[in-house]
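Before any comments, here is the structure.
Here, each number is a calculation from the coordinates, and none is a lab measurement. Bear in mind the structure is a predicted one, so any value in this text is a computation, not a measurement. Cβ: placed from backbone, ideal geometry, glycine included. Neighbour counts: every protein chain shown.
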Amino acid sequence: MTDLTDKNKRATFVPGQPDMWAFVLFETLVFTAYFGFYLFYRAKSPELFLHGQAQLDLRIGVFNTLVLLLSSWSVARCVQSARVGAFRAALRDVYITAACAAIFLFFKVFEWARLVRNGNGIDSSDFFTYYFFLTGIHFVHLLIGFVVLGVVVYQLRSAARRSQELVETCATYWHTVDFLWVLIFALLYVVR
Amino acid sequence: MADIGENVAEGSRSPRNSPRRIDGELILLWTLPAAVIIWASAFFLFPGFMPPMSPTMSADQVAAFYRDAAALPEIRYSMIVFNWFGVCLVPILTLIVMQIRRMAHRTPIFSYAMLGCVAGGPALFLVANVCWLLAAFRPERSPELTQLLNDFAWITFTILVPFLIAQSVILAVAIYFDDQPRPIFSRWVAHFNLLVAAALTPAAFVGLSLSGPLAWDGVLSFWVKNVAIGVWVVVMGVVLGQAVYRERAEIQRRGAELDGA
Amino acid sequence: MSTVVTPPESGSNAEATPPSGPTHRRIAWHLRHGPKRELWLAWSTLVVFYNLFFPMVFVVAQVQPPPAPAWDLATQVHYFHERHLGIPIGLGFIFAITGMTAVNNALIAYSMRRMSISRAFGYSYLLIYSLSALPGLLLLCIALIVATLRPERDPKVLGWLYDFAFLSFDGTMGVFLIGSLIWMVAILIDKNRVFPKWFGYLNLCNALTEVVVAPCWIFGRGVLAWNGQIAWWLDMVVFGVYQVTFIVMLFQMIRREDFGTGPMPDLPRKRATAS
């Protein structure tokens, strides 16, 4: 009994499991370390990095960022719909999120293939090492995001489940994936 | 009537299947004498074991060892036999795991730990075995490479003790913690296992020198280690056999009582 | 009558009778009759193992932090010469104690057995991690010992052993990746609250370090090489946090263990007297 009231108390502080927020914090710290290394080595050889950045297509970067922001919006709508009990709408929103993610993945792979074909592989220069590493590890987080979205779908589909806490937890993860991408986009594509 | 403690222990641990399915364990058990004979034969067939090759042999001498037309078939066949039957220890170790499971423990942690050790020794032995076979495969190879393979084989063969040490210690502690009127294994088996574990430990330091007691042909790393393993296999084989037969007799007795009642 | 064979429901009875008095008496009682003695023994083995492992590898053998893949052969030969005693002694100790990892894995497998999930999780974890010791630790230690065995060996051969050893240490990824994921899934779907969910997510962080280190097989220099600041140093920080955390989590689990099959009780808010 006591832990149920505890849970309700906790629920007012953060949406979803507080555990997920701990994970988000940890991953953000780790990514901050990655960004730190990137900036440090960029400062040491700015021309090399600038030259590498010039090879990137800003349009695809912007497009991908918008797609991912859209997916964040749709997953937030999903949480709202689930909260008021509109589960069909919530499910539709999850599918939209997944579709956006799939579009992102497709264009990412397309972008990578194009870069590699132009001779800019992961070991072609220090900049591209960071580029492929950062976008690669983000890509892995996005793939995990599909599993997370799967959990949301699984929860929403059957009336026996539909744990609001779990849906919010998964949404938190998704927002983190989007947030990390915005940082990566800013660092790799924009800041020159 | 069988020990009440034993009954309760078994009942509380495996409520689903009592008695434990034991068909075929005798077959597994009796593979051990056959395996021991095979291992011993292969051991004496390999020209490098009796007496053990010296680490101080130069690369040319090592190459000559593998190029010796008379010895080469013995090297290959003995190692092929070892490759076939090296893993035969695993079913015996698993039977020991099953017996640990019968001990009066609060948790299955000892049997889990034992299970985690079971593949370690045979797997490392297979690595050494493959290296010897590789060295014998192209004797015309450069002597330095043959010596490298030979070094790898010998070091691996000597240093394969980590999981053997662990399984002896785990078994000993499991026996010490087996608090019942008639323990599965007697206390002396535990002391014996600790002794074996201690005997195997010096072999871990085989890399220290090319001569002396710790070298791979030395007293501690070769003779003490291999004799300890041999004695362990024989003693545990007998003790395990006794435990298995005793368990079967009890199961039959209990089954007869149930029928009678 | 035998305290060890108490059925699960009356587990608390056995815990109620540790004698008061001098500490060594109480410890002796716990060692001989405490129902959780097996678990505490396993946990202590875990702590002892790591307290031996890190000094032996980092201080005695000095093979971690790793040297650079970019060093030329002469430097690599010198590296082995410097360690011609440290490696056989330090790694010798490692060989003597590696079997303790079986006990570590058994304790973790036991934690999964206590969960509301299938036994397959615990067994899978046990098998995968038992397997991991071979390519991930033992074979590379053998390579290092073989390298220091003969100082006059051809430098090119030493170079091969050098690569083999240091790539294996960082680059044996799959066993730890999949093993961590198994524990993660077990924790996340467990209804018995054996571990908090954030610890499940931490397992994901540990699994991801195995993804991050993958480029060590590609790069001969830089932040992603086997000694790189991201692939080794940063990964080691995450791994270190994970190690310390799971040692503490297992400690808490043993304290809370009630040998039941339902949800695990939380520790009482006040200081608990029973272990």
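Observations
- Translational diffusion coefficient of chain C (Stokes-Einstein, Kirkwood radius from Cα pairs, 37 °C, 0.692 mPa s): 158 µm²/s.
- By average C-beta atoms within 10 angstrom, highest first, the peptides B:166-173, B:141-148, A:56-63: B:166-173, B:141-148, A:56-63
- Chain C: most fluctuating residue of C:P22, C:P263, C:P65 per GNM, C-alpha cutoff 10 Å: C:P22
- Chain C: DSSP helices with Cα axial extent of at least 24 Å and average Kyte-Doolittle hydropathy no lower than 0.5: C:37-55, C:235-256
- Between the stretch B:50-124 and the stretch C:137-164, the Cα center-to-center distance that results, in Å: 23
- Pairwise centroid distance, computed over Cα atoms, of the stretch C:92-108 with the stretch B:199-234, Å: 20
- Taking only Cα atoms of chain A, radius of gyration then Dmax in Å: 18.9, 63
- Shape summary of chain B, radius of gyration then Dmax from alpha carbon positions: 21.6, 76 Å.
- In chain B, the longest principal axis of the Cα atoms and the axis of helix B:187-200 are about 20 degrees apart.
- Peptide B:203-214 - average C-beta neighbours from other chains (10 Å radius): 5
- Remark on the stretch C:62-210: hydrodynamic radius 17.1 angstrom, per the Kirkwood mean of 1/r across alpha carbon pairs.
- Charge dipole magnitude, Cβ of K and R +1, D and E -1 - the stretch C:27-266, Cα centre, debye nearest 20: 740
- Panel note: the C-alpha atoms of the protein assembly as shown, placed on their principal axes, show extents of 75, 74, 50 Å (largest first).
- For the stretch B:77-145, the percent of C-alpha pairs falling in each 5 Å distance bin, counted from 0 to the bin holding the largest distance, reads 3, 15, 19, 15, 12, 10, 8, 6, 5, 3, 2, 1.
- Helix B:71-85 vs. chain B, principal-axis angle (Cα, 0 to 90°, nearest 10): 20
- Over the protein assembly as shown: helical MRE at 222 nm, DSSP H runs n ≥ 4 each giving -39500 (n - 2.57), nearest 500: -23000 deg cm²/dmol
- Chain lengthening between A:V153 and A:D123 when straightened (0.36 nm per residue, less Cα-Cα): 6.9 nm
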